[in-house]
1. Among the numbered conditions (1) in contact (Cβ under 8 Å) with a residue 24 or more places away in the chain; (2) within 16 Å of ligand 2 (Cβ to nearest atom); (3) open to solvent by 10 Å² or more (accessible area, probe 1.4 Å), tell me where residue 95 comes up short.
2. Quick check on this structure: which one of 154, 120 is within 16 Å of ligand 4 (Cβ to nearest atom) and open to solvent by 50 Å² or more (accessible area, probe 1.4 Å)?
3. Tell me the helices (runs of 4 or more DSSP H) entirely within the stretch 160-231 that contain at least 3 residues that are away from ligand 2 (no atom under 14 Å from the Cβ) and surrounded by 14 or more Cβ atoms within 10 Å (Cβ to Cβ).
4. Among the residues of the stretch 232-275, count how many are farther than 20 Å from residue 43 by Cα, out of contact with any helix residue (DSSP H, G or I) (no Cβ under 8 Å at 6 or more places or on another chain) and either within 16 Å of ligand 4 (Cβ to nearest atom) or not in a loop (DSSP other than H, G, I, E, B) (or both).
5. Could we say that residue 284 is open to solvent by 20 Å² or more (accessible area, probe 1.4 Å), more than 16 Å from ligand 4 (Cβ to nearest atom), of a type in the set (S, T, N, Q) and in contact (Cβ under 8 Å) with a residue 60 or more places away in the chain here?
6. Counting only residues that are at pLDDT 95 or above and among the acidic types (Asp, Glu), how many does the stretch 53-74 have?
7. Has the stretch 18-31 got at least one residue that is touching a residue at least 24 places away in the same chain (Cβ under 8 Å) and closer than 27 Å to residue 239 by Cβ?
8. So, residue 147, is that one more than 21 Å from residue 238 (Cβ to Cβ), touching a strand residue (DSSP E or B) at 6+ places or on another chain (Cβ under 8 Å) and within 16 Å of ligand 1 (Cβ to nearest atom) or not?
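The values are calculated or read from the model by the stated rules, or taken from the named source; none is laboratory data. Keep in mind that this is a model prediction, so the values were computed, not measured. Glycine gets a Cβ as well: all are built from the backbone with ideal geometry, and neighbour counts include every protein chain shown. SASA here: full protein model, heavy atoms, side chains in, ligands and nucleic acids out. Shrake-Rupley method; radii C 1.70, N 1.55, O 1.52, S 1.80 Å.
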Amino acid sequence: EAKRQGKGRYCGYLPTIAARIRERLEIEQGLHAALAENQFELHYQPVVDLKRRCLIGFEALVRWRHPERGMIAPDQFIGIAEESGFIEPLGRWILNTAIAQAAAWQQAGAKGLLMAVNVSARQFNDEQLVDGIVTMLARHGLAARQLEIEVTESTVQEFHRSKRIVDTLRERGIAVALDDFGTGYSSLSLLKHLPINRVKIDRSFVIALPGTARDAGLISAIMQMANSLDLEVTAEGIETPEQAAFLNAVGCPAVQGYLFSRPAPASHFTTEWLCHYRESDSFQVNPAA
Ligand code: C2E
Ligand code: MG
Ligand code: MG
Ligand code: MG
């Protein structure tokens, strides 16, 4: 009796596991066709300078417009693409599309915008990465200083190799940001060894702000560390004017979040929009001011 019950319980999980495996397979198999059929798109989220209240640039974020499932978020397929090796062609498409877009905005008159692009582990550790990027920059006529590569701790797999890649990127004038800063185990050790120029404070630290003395203290400590290491800082996930005001007060000028704009297709950011928001005082961020 107990055995049958146990078996029944066990069987209860099977459809879920089977469904997950099937979904995963579907995604993995669908990726190739999706790239060929142009189903990937990049959305861009503005990065705002709180002090000058103007647009600094954008982060490119990939989405998959699936014909049956609708819009699929990157968390649903980047990991699978990474494991299957598909991230290599997809990553090239992402970089090329983001660089082309930044060049188009530059030519349309919104000068000097920064374009931040996320790069995953396999893509980052590919020796061809830097040459590929340099070729894309030349092809589209974008200055290297307008590109920033975002890596996370998990991107750095083999330390010496990663250091070599970050060094080469920096030599070519391309900035490197450490994304999701503070969420992993070795953020500080990476900062010690890699010539990164920016940290992106993870949304999980921003959510509670101004919050308790402890929440506020953590952010202030990150700012102090960044100042002494000469690192730039961007805070992610700003949703309220209070969070923006707090970050501004502790000297974190660069922020992104739904308060300013959700990620949106390039067409949303018209030339008029870009030129307006490039100007100082165009973002009303501090309700008290
Ligand atoms: P991330 O690079 O840390 O990107 C920030 C995520 O936070 C984005 O989610 C963005 O839409 C979201 N976000 C921004 N502001 C707010 C806010 O105010 N509130 C909330 N709740 N969320 C906010 P998204 O686009 O779903 O991307 C998730 C993750 O997927 C990214 O985290 C990044 O790790 C990865 N990813 C996205 N695009 C790419 C890509 O092109 N290549 C690679 N390798 N990974 C990517
Ligand atoms: Mg990012
Ligand atoms: Mg992040
Ligand atoms: Mg993330």
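1. The number of the failed condition is (3).
2. Values: 120 fails: open to solvent by 50 Å² or more (accessible area, probe 1.4 Å).
The unique qualifying residue is 154.
3. Filter on the stretch 160-231 gives 187-193, 213-228.
4. Number satisfying all stated conditions: 6.
5. Judged against the criteria, residue 284 is a match.
6. Result for the stretch 53-74: 1.
7. No: the stretch 18-31 contains no residue that is touching a residue at least 24 places away in the same chain (Cβ under 8 Å) and closer than 27 Å to residue 239 by Cβ.
8. yes
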